[in-house]
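**Q** Could you have a look at this structure, given as structure tokens, before my questions?
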Amino acid sequence: MSALRGRTIVVGVTGGIAAYKAVEVCRRLVDLGAHVVPVMTDAAEQFIGRTTLSALCSEPVQTSLWDEVSPIPHTVLGQRADAIVVVPATAHLLGAYAAGLSTDLLTNTLLATRAPVVVCPAMHTEMWEHPAVRDNLAVLRQRGVIVVEPDEGRLAGGDVGSGRLAAPERIVAAIEAVLGSGDLADLHVVVTAGGTREPIDAVRVIANRSSGKQGYAIAAEALSRGATVTLISTVDLPTPTHARLVRVETAAQMQIAVEHESESGDVVVMAAAVADFRPRAVADHKIKKADGPPEIVLEPTPDILASLGARKRAGQTLVGFAAETDDLIAHAEAKMRRKNLDLIVANDVRAAGVGFQHDTNAVSLLRPDAPMVTIGLTDKRSIARAILDVVVDIRSGPK
Ligand code: PMT
């Protein structure tokens, strides 16, 4: 049975030539048993008629914040939706959504929902490749929005290139995947992200290159699969919608936060790069250059994951990372066993496109009693998906 059966899907249609294909998406969703509620922007009405969409969907199309249907239609729509899909999503819509602008019924609905959102961009190749559009999409992805990438093919005006709306079956499959993957529902997932900063004096720190992207991708993926997510972070990336953010800076602060959150955490994923050493003494003023280079004596930081592993609760799943530059698997395996982990994600951070700061990663997933799984270079959200698939498998118990 389709994950769509009985689910309420708000379909937002914006003003692009591909708007006519939204009709086919709506028809397929209805055929699969979904209750489809169409919303059109003013610009969309330049491309397709209200009657067409209303006839094919489960309810008449809504276009305005000021329709008579309800006093506050956007909150009603946002609350009713099990998922919202925007098809096609123009550059304008993506920009407004990324900026948090609420200028019409669709953008208001997108901001007034806790439901997962799928956007299906379609535009000319030049627009699709424009840095402003790419940046807006990156922000939306970090917030947990699912992006169905456009295809290559014929565009308006006879041009050929990337930016053509994805085929309806891909769009429907993406919505099904979002709705069908509530496999982390009722779980509290605690994720750490970013590198800790250990103070030397009032202005200087010892830091590392972690951007937090991998941890944020895990938080966004866990949210899209129904988890309650606490994100303990040292960085200022956009917080995935509905994640609870705990901002920390040092290993000691991260330890306090992780220990507190893990009391109710069913799954703890330590993607953060925690400093192994910190200055033993921290000057409370700026050390003067004129006084010459200071001698900095380092001491070990607490190993947060090892102490979690030492008192792991029954039913709790502990996931660590290993960032290595040599002997990847041997070192990762040793860390997994020493820290009593259920899963360790090993990344060879010297390889191209892997680990710190990149949008991509490549990892090996090691478990104490299951074969290793290797994931080749791909985006960090896909890595997150693979990690959480294994977490679900671990929690489902021995086969
Ligand atoms: O943030 P990005 O730019 O996206 O980069 C992603 C990443 C490279 C940071 C990520 O993929 C990663 O590998 N994170 C772990 C980095 C790390 O600190 O690895 P480690 O091998 O030093 O530590 C092993 C594990 O113990 C890690 O889960 C770490 O969070 C944890 N640890 C380490 C030291 C310490 N004092 N306490 C800990 O809990």
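The values are calculated or read from the model by the stated rules, or taken from the named source; none is laboratory data. What you are looking at is a predicted structure, and each value in this text was computed from that prediction instead of being measured. No Cβ is skipped: glycine too gets one built from the backbone with ideal geometry, and neighbour counts run over all protein chains shown. Accessible surface is based on the protein model in full, side chains and every heavy atom, while ligands, DNA and RNA are left aside. Shrake-Rupley method; radii C 1.70, N 1.55, O 1.52, S 1.80 Å.
**Q** Around residue 278, which amide H atoms from residues at least 5 apart in sequence, or from another chain, sit under 5 Å from its own amide H, with H modelled in the peptide plane?
**A** 299, 301
**Q** Measuring from centroid to centroid over Cα atoms, what is the spacing of the stretch 225-300 and the stretch 315-336 in Å?
**A** 20 Å
**Q** Using Cα centres only, tell me the gap between the stretch 161-210 and the stretch 1-76 in whole Å.
**A** 28 Å
**Q** Please list, in order, the residues from the stretch 1-39 whose amide nitrogen is less than 11 Å from a point placed 7 Å along the Cα→Cβ vector of residue 186.
**A** none
**Q** In square angstrom, what is the accessible area per residue of the stretch 8-179 with a 1.4 angstrom probe? Display every interim value, and only then the final one.
**A** Numbers: 7310 Å² over 172 residues.
It amounts to 42 Å² per residue over the stretch 8-179.
**Q** Using 18 Å as the cut-off for backbone N distance, which residues of the stretch 106-147 belong to the label zone defined by a point 7 Å from the Cα of residue 156 along Cα→Cβ?
**A** Under cut-off, by backbone N: 120-130, 133.
**Q** Helix-only mean residue ellipticity at 222 nm, the chain, DSSP H runs n ≥ 4 weighted -39,500 (n - 2.57), per residue, nearest 500. What is it? Before the final figure, lay out each step's value.
**A** Details: 13 runs with 131 residues, N = 399.
It comes out at -9500 deg cm²/dmol, rounded to the nearest 500.
**Q** With a cap of 12 neighbouring Cβ atoms within 10 Å, and only residues DSSP puts in a loop, list the trypsin sites (Lys or Arg not before Pro) found in the stretch 243-296.
**A** Numbers: sites: 244, 247, 280, 286, 288, 289; in loops: 280, 286, 288.
Taking the stretch 243-296 and a limit of 12 other Cβ atoms within 10 Å, the loop trypsin sites (Lys or Arg not before Pro) found are 280, 286, 288.
**Q** Using the basic label-point model (7 angstrom from Cα toward the beta carbon), what is the residue 66 to residue 357 distance in nanometres?
**A** Output for this residue pair reads 5.1 nm.
**Q** Still on this structure, please answer the following. How many nm separate the modelled label positions at residue 244 and residue 338, each set 7 Å beyond the Cα in the direction of the Cβ?
**A** Each label point lies 7 Å from its Cα, and together they span 3.2 nm.
**Q** Let me ask something else. For each pair in 312/335; 213/312; 213/289, compute the distance between the two Cα atoms and list the pairs where it is over 24 Å.
**A** Numbers: 312/335 16 Å; 213/312 27 Å; 213/289 35 Å.
In this structure, 213/312; 213/289 lie more than 24 Å apart at Cα.
**Q** A further question follows. Run the numbers for residue 75 and residue 20: contour at 0.36 nm per residue of separation, minus the present Cα-Cα distance, in nm. Could you put the intermediate results ahead of the total?
**A** Values: separation 55, 0.36 × 55 = 19.80 nm, distance 2.65 nm.
Working it through step by step, the gained length comes to 17.1 nm.
**Q** Compute a Gaussian network model of the chain, connecting alpha carbons closer than 10 Å, and tell me which residue from 123, 372, 254 fluctuates the most.
**A** Ranking 123, 372, 254 by mean-square fluctuation puts 372 first.
**Q** Run the numbers on the chain and let me know its relative contact order in percent, using alpha-carbon pairs under 8 Å that are six or more apart.
**A** Working: 879 pairs, mean separation 43.0, N = 399.
RCO, the chain: 11 percent.
**Q** Also, I was wondering about something else. Just need the relative contact order of the stretch 1-149 here, percent rounded to a whole number, with Cα pairs under 8 Å and 6+ apart.
**A** Working: 285 pairs, mean separation 35.9, N = 149.
Computed value for the stretch 1-149: 24 percent relative contact order.
**Q** Picking from 379, 201, 389, which is most flexible by a Gaussian network model of the chain using Cα springs under 10 Å?
**A** 201
**Q** Rounded to the nearest 5, what is the percent of antiparallel bridges among the DSSP beta bridges in the stretch 8-179?
**A** Numbers: 4 of 21 bridges.
Bridges in the stretch 8-179 that DSSP calls antiparallel: roughly 20 percent.
**Q** Starting from the residue with the highest accessible area, list 124, 331 in decreasing order, probe 1.4 Å.
**A** Values: 124 50, 331 75 Å².
Most to least solvent-accessible, the answer reads 331, 124.
**Q** Straight-line reach from residue 288: which aspartates and glutamates have a Cα under 20 Å away, not including same-chain ones fewer than 8 places off?
**A** Leaving aside aspartates and glutamates fewer than 8 places away in the same chain, those within reach of residue 288 are 198, 201.
**Q** Give a quick list of trypsin sites (Lys or Arg not before Pro) in the stretch 39-132 that DSSP marks as loop, anything other than H, G, I, E or B, with at most 14 other Cβ atoms within 10 Å. Let's see the in-between values first.
**A** On the way: sites: 50, 80, 114; in loops: 114.
Answer by residue number: 114.
**Q** So, one more: So, for the stretch 252-294, what is the accessible surface per residue at a probe of 1.4 Å, expressed in square angstrom? Show your work: numbers first, answer last.
**A** Details: 2600 Å² over 43 residues.
I get 60 Å² per residue for this part.
**Q** Determine the share of the chain's accessible area contributed by carbon and sulfur atoms, expressed in whole percent, with a 1.4 angstrom probe. Intermediate values should be presented prior to the final figure.
**A** Details: 9680 of 18170 Å².
In the chain, the share of accessible area belonging to carbon and sulfur is 53 percent.
**Q** Another question about this same structure. Calculate, for residue 51 and residue 170, the FRET efficiency according to 1/(1 + (r/R0)^6) with r their C-beta to C-beta distance and R0 35 Å; round to the nearest 0.05. Walk me through the intermediate numbers first.
**A** Numbers: r = 27 Å, r/R0 = 0.77.
Computed FRET efficiency for residue 51 and residue 170 comes out at 0.85.
**Q** List the trypsin sites (Lys or Arg not before Pro) within the stretch 166-217 that fall in a DSSP loop (any state other than H, G, I, E or B) and whose Cβ has at most 15 other Cβ atoms within 10 Å.
**A** Working: sites: 170, 197, 204, 209, 213; in loops: 197, 204, 209.
Here the sparse-neighbourhood loop sites are 209.
**Q** Among 146, 232, 375, which one shows the biggest mean-square fluctuation in a GNM of the chain, springs joining Cα atoms closer than 10 Å?
**A** The residue with the greatest mean-square fluctuation here is 375.
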